[in-house]
Amino acid sequence: MKRLYRSLRLPLCVLLTITLLWTAVNSAQAAESVKLSPEQQRYERRLLFENISLMTGIPWYCLAAVDQYERTLSSANPKKYPKREGLIAIRFPDEKWAGPFNPNPQDTDLRTIRMFGGIGQDGDGDGKADIKNDTDVLYTFAMEFLQKGYSDEDFTISLWDYYHNPRSVKRIDQFAKIYRHFDTLELTRHVFTLPLRSNYSYRSTWGDARGWGGRRIHEGTDIFANHGVPVRSTSYGIIEIKGWNKYGGWRVGIRDIHNIYHYYAHLSGFNKGIEEGTIVQPGDVVGWVGSSGYGKPGTQGKFPPHLHYGLYRDSGLVDWSFDPYPSLKQWEREEYRAKRKK
Ligand SMILES: [Zn+2]
């Protein structure tokens with residue numbers, strides 16, 4: 001019986017691979033032929049991750065995390081990280097794909113690519129290694145990573161070798177945890193940070209001189225509300241920082257899947273179960289409005305209670321503050337609209 005199984009295993013694998021490749025080719029072609037909505041794109045992308053995961057053994061959420069990280073770099077800094085056309089954002093330079101001395105940088109011929117030391121691989125089984133083909137690109141990426149080994153630790157080592165940047169490794173690890181937790185790429189929903197029924201007021205104050213201490217410009221929006229009003233995560237994400245900071249008081253930092261850092265400061269306390277590494281979704285209470293900050297841990301009451309909400313975009317090496325006011329307004333509107341529909 002064992003022998004029969006063994007003799008069947010290879011043909012079964014081949015059959016499985018062919019089926020998968022066929023599906024992958026089809027989805028890649030579908031992506032090219034018609035303009036897909038963002039939801040359809042995420043659906044097709046997930047299929048691609050699943051296929052390459054079955055072929056290589058790398059979990060889909062690891063592939064998704066690297067791909068999403070590359071996408072966020074492109075949107076933060078399109079000059080430095082030009083956006084790749086297609087479903088997959090992972091990019092290879094032509095000379096790496098085709099080989100540094102290949103006279104044809106757009107080469108798709110596996111033989112000559114190998115001869116010139118290129119890494120391009122054929123993922124969809126059409127006999128070509130095409131840098132414009134999503135399946136080929138993702139498969140090549142996965143195979144590059146597999147050279148180190150199969151464990152989570154090996155994957156982390158491969159990330160180190162690939163990026164030479166501890167921030168990148170950390171981000172991809174955070175994204176992978178978020179994707180694994182929710183088991184979906186559909187993580188775009190947002191809510192307003194305070195419950196809509198609570199009393200609050202805010203206006204655009206980004207870039208103003210600070211009202212309380214500090215010489216830097218005001219990097220955020222102050223939302224005035226009563227002490228003890230729940231502060232909710234506006235996005236899907238992972239708690240990156242929790243604790244005391246001299247200016248921010250009790251504060252929480254949440255990293256979302258768009259590589260944006262959400263900063264909630266001056267809290268009166270933290271919700272139970274909120275720790276560094278905790279995964280949150282829109283509406284999860286992280287703490288309560290307070291007036292902590294501007295002194296030793298526990299200092300409070302130097303200003304009226306409010307939530308200081310900041311947004312920072314990771315551009316690869318540093319986080320850049322941007323005005324949260326338009327996003328807050330939009331999420332507030334969207335949440336009202338969603339409530340009315342119910
Ligand atoms: Zn503030």
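Among the residues making up segment 218-271, those that are at pLDDT 95 or above, over 30 Å from residue 71 (Cβ atoms) and not in a strand (DSSP E or B) are 226, 227, 228, 229, 271. Since residue 175 meets every condition but one in (1) closer than 19 Å to residue 260 by Cβ; (2) part of a loop (DSSP other than H, G, I, E, B); (3) in contact (Cβ under 8 Å) with a residue 40 or more places away in the chain, which condition does it not meet? Tallying (1) closer than 19 Å to residue 260 by Cβ; (2) part of a loop (DSSP other than H, G, I, E, B); (3) in contact (Cβ under 8 Å) with a residue 40 or more places away in the chain, residue 175 fails exactly one: (2). For segment 199-215, residues that are within 11 Å of the ligand (Cβ to nearest atom) and either modelled with pLDDT under 80 or of a type outside the set (S, T, N, Q) (or both) total 8. Taking the condition more than 24 Å from the chain's Cα centre (by Cα) and of a type in the set (Gly, Ala, Ser), does residue 277 pass? Against the criterion (more than 24 Å from the chain's Cα centre (by Cα) and of a type in the set (Gly, Ala, Ser)), residue 277 does not qualify. Checking each residue in segment 111-144 for being outside any helix (DSSP H, G or I) and either touching a Gly at 6+ places or on another chain (Cβ under 6 Å) or among the basic types (Lys, Arg) (or both) picks out 116, 117, 118, 128, 129, 132. Could you tell me whether segment 191-198 includes any residue that is within 16 Å of the ligand (Cβ to nearest atom), assigned to a loop (DSSP other than H, G, I, E, B), at pLDDT 85 or above and among the aliphatic types (A, V, I, L, M)? There is at least one residue in segment 191-198 that is within 16 Å of the ligand (Cβ to nearest atom), assigned to a loop (DSSP other than H, G, I, E, B), at pLDDT 85 or above and among the aliphatic types (A, V, I, L, M).
Of everything in segment 131-161, what is exposed (fewer than 13 other Cβ atoms within 10 Å of the Cβ) and modelled with pLDDT under 80? Give them in sequence order. Correct list: 147, 149, 150, 151, 152. Residue selection: residue 186 fails the criterion of being acidic (Asp, Glu), within 16 Å of the ligand (Cβ to nearest atom) and either in a loop (DSSP other than H, G, I, E, B) or modelled with pLDDT of 95 or more (or both).
Scanning segment 237-274 for residues that are within 16 Å of the ligand (Cβ to nearest atom) and within 20 Å of the chain's Cα centre (by Cα) yields a total of 6.
What do you reckon, is residue 234 within 30 Å of residue 61 (Cα to Cα), within 14 Å of the ligand (Cβ to nearest atom) and in contact (Cβ under 8 Å) with a residue 60 or more places away in the chain? So residue 234 fails the test. For segment 321-342, the tally of residues that are within 18 Å of residue 204 (Cβ to Cβ) and either assigned to a strand (DSSP E or B) or aliphatic (A, V, I, L, M) (or both) stands at 3. Residues of segment 110-130 that are surrounded by fewer than 21 Cβ atoms within 10 Å (Cβ to Cβ) and either of a type in the set (Gly, Ala, Ser) or in contact with a strand residue (DSSP E or B) (Cβ under 8 Å, 6 or more places away or on another chain) (or both): 110, 117, 122, 125, 127, 128. Only one of the numbered conditions (1) away from the ligand (no atom under 16 Å from the Cβ); (2) buried (at least 17 other Cβ atoms within 10 Å of the Cβ); (3) of a type outside the set (Lys, Arg) is violated by residue 218, and that is (1).
Each row is one residue, and each column tells you yes or no for (1) at pLDDT 95 or above; (2) over 31 Å from the mean Cα position of the chain (by Cα); (3) crowded, with 16+ Cβ neighbours inside 10 Å; (4) within 16 Å of the ligand (Cβ to nearest atom).
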site: 291; (1), (2), (3), (4): yes, yes, yes, yes
site: 294; (1), (2), (3), (4): no, yes, yes, yes
site: 297; (1), (2), (3), (4): no, yes, no, no
site: 302; (1), (2), (3), (4): no, yes, no, yes
site: 310; (1), (2), (3), (4): yes, no, yes, yes
site: 314; (1), (2), (3), (4): no, no, yes, no
site: 329; (1), (2), (3), (4): yes, no, no, no
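Checked against (1) crowded, with 20+ Cβ neighbours inside 10 Å; (2) charged (D, E, K, R); (3) touching a Lys or Arg at 6+ places or on another chain (Cβ under 9 Å), residue 107 passes all but a single condition, namely (3).
The values are calculated or read from the model by the stated rules, or taken from the named source; none is laboratory data. In this text, all values refer to a predicted model and were calculated from it rather than measured experimentally. With ideal geometry, Cβ positions are generated from the backbone for all residues, glycine too; neighbour counts draw on all protein chains shown.
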